[in-house]
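> Let me begin by handing over the structure; questions about it come next.
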Amino acid sequence: MFKVRFLAFLISMMLFVSCSTVPITGRKQISFIPQNQLITSSIDAYNQLLSQSKLSNDSTKKQMVAEVGAKIASSAEQFMRENGMEKEVETYHWEFNLIEDDKTVNAFCMPGGKIAVYTGILPVTQDENGLAVVMGHEVAHALANHGGERMSQVMLAQLGATSLSVALSSQPGLAKDLIMQAYGVGANVGVLLPYSRRHESEADHIGLILMARAGYDPRTAIPFWQRMGNLGGERPPEFLSTHPAPEKRVEDIRNELPEALKYYKEP
C-alpha cells in the first residue's frame, strides 16, 4: 500500500510542477522532460540518422528546402520574441537536410530544430508553398514541444502500469495479466493515440500560422493534404490511428484558414 501511495504521490507531483502552455493554440500540456536533456538526445539521434542515410546532391532541391525551412524557422522565432519567449528562442539551433529516399513520403523535426525532409515527399509538395506546409507542420511540432509531451505521457502510462501492478500483486496470475493487458490497451487507445492525433492537428493549426507569417499562402495546405490523402493504402479506423482521418484533417484546416489568412500578405 505504501508503494502505491508513493507512486500516486509521485505522479501527482509530476503533474503539478510540469504544466505549460502551447504557443498559438493556448492548450495546457504536461511535460516534465528537461529541455536540455531532450535536445541533447534528439541531436544524437538526428546525427546518427544522417550518418546512416544518403543525403541528396541535388543543389536546387537542397536550396529550396533550406530557404523554405529558414523562413518558417524565422517566422517561429519572431512569434516567440513577440510573445515574451526570448529564452526559448536560444534553445533552437535550426538545421535542414534533404535525404535521398524517393520511397519515403515523410519529413520530421527533432526538438531543438533539427529537420530532415525525404525526397519522396517533394512530388507531393510540388512547389515552395507545398513544402512550406510540410515545414510549418514540422516546426510546429518543435515549437509546441510535442516530443517532450509525448515522452512524458509514455512515462506516466508506465508509472500507472507499475502502480496497478503493485496494487494487483495479491491477485491470481491470470486475473492480473488480463487486467494489465486491458490497462495497456486502454492507455494506448484512450490516451496515447488521441494525444498523437491532437498533436498532428495542433501542428497543422500552428503550421498554418507560421507559413502565413513567413509569406506563404496557407490556402495551399488544403490541396497538399488532399494529395497526401489520395496516396492510397489501407488506413486503420481513426481511433486506432496516430493521425487524423484525411477528410477530418482537411475540414479542420478549412475552418482554421480565416485565422491564418490574417497573417498572410498577398505578394
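The values are calculated or read from the model by the stated rules, or taken from the named source; none is laboratory data. In this text the structure is predicted, and so the values were computed from the model without any measurement. Counting neighbours? That spans all protein chains shown, and the Cβs are built from the backbone with ideal geometry, glycine included. Calculation scope for accessible area: heavy atoms of the full protein, side chains included, ligands and nucleic acids excluded. Shrake-Rupley method; radii C 1.70, N 1.55, O 1.52, S 1.80 Å.
> Considering only segment 198-231, state which residues are of a type in the set (G, A, S) and in a loop (DSSP other than H, G, I, E, B).
Result: A214, G215.
> Additional query: Only one of these is surrounded by 14 or more Cβ atoms within 10 Å (Cβ to Cβ) and within 21 Å of P218 (Cα to Cα): K114, K71, K62. Name it.
K71
> Let me ask another. Considering only residues that are of a type in the set (V, I, T), open to solvent by less than 50 Å² (accessible area, probe 1.4 Å) and in contact with a strand residue (DSSP E or B) (Cβ under 9 Å, 6 or more places away or on another chain), which ones fall in segment 33-57?
Residue satisfying the conditions is I39 alone.
> Right, another one. Looking only at residues that are charged (D, E, K, R) and part of a helix (DSSP H, G or I) in segment 31-85, which one is farthest from A116 (Cα to Cα)?
My answer is E82.
> Can you tell me how many residues within segment 98-120 are touching a residue at least 60 places away in the same chain (Cβ under 8 Å) and either out of contact with any Phe, Trp or Tyr (no Cβ under 8 Å at 6 or more places or on another chain) or not aliphatic (A, V, I, L, M) (or both)?
The number of residues fulfilling the criteria is 4.
> Could you say whether any residue in segment 228-235 is of a type outside the set (V, I, T), surrounded by 16 or more Cβ atoms within 10 Å (Cβ to Cβ) and at pLDDT 85 or above?
yes
> Of all strands (runs of 3 or more DSSP E) completely enclosed by segment 90-172, which ones contain at least 3 residues that are modelled with pLDDT under 90?
107-110
> Being at pLDDT below 85 and either closer than 16 Å to T125 by Cβ or among the acidic types (D, E) (or both) narrows it down to one of E256, E200, E238, E251, so name that one.
Just one listed residue meets the conditions, E238.
> Turning to a different aspect of this structure: Determine the pairs where a residue that is under 15 Å from E95 (Cβ atoms), located within segment 56-67, has a partner that is outside any helix (DSSP H, G or I) with Cβ atoms under 6 Å apart, the partner being 6 or more residues away or on another chain.
S56/L98; S56/E100; K62/S56; K62/L98; V65/F96; V65/L98; V65/V117; A66/F96
> Would you say E95 is over 25 Å from I253 (Cα atoms) and without any contact (Cβ under 8 Å) to a residue 12 or more places away in the chain?
Criteria not met by E95.
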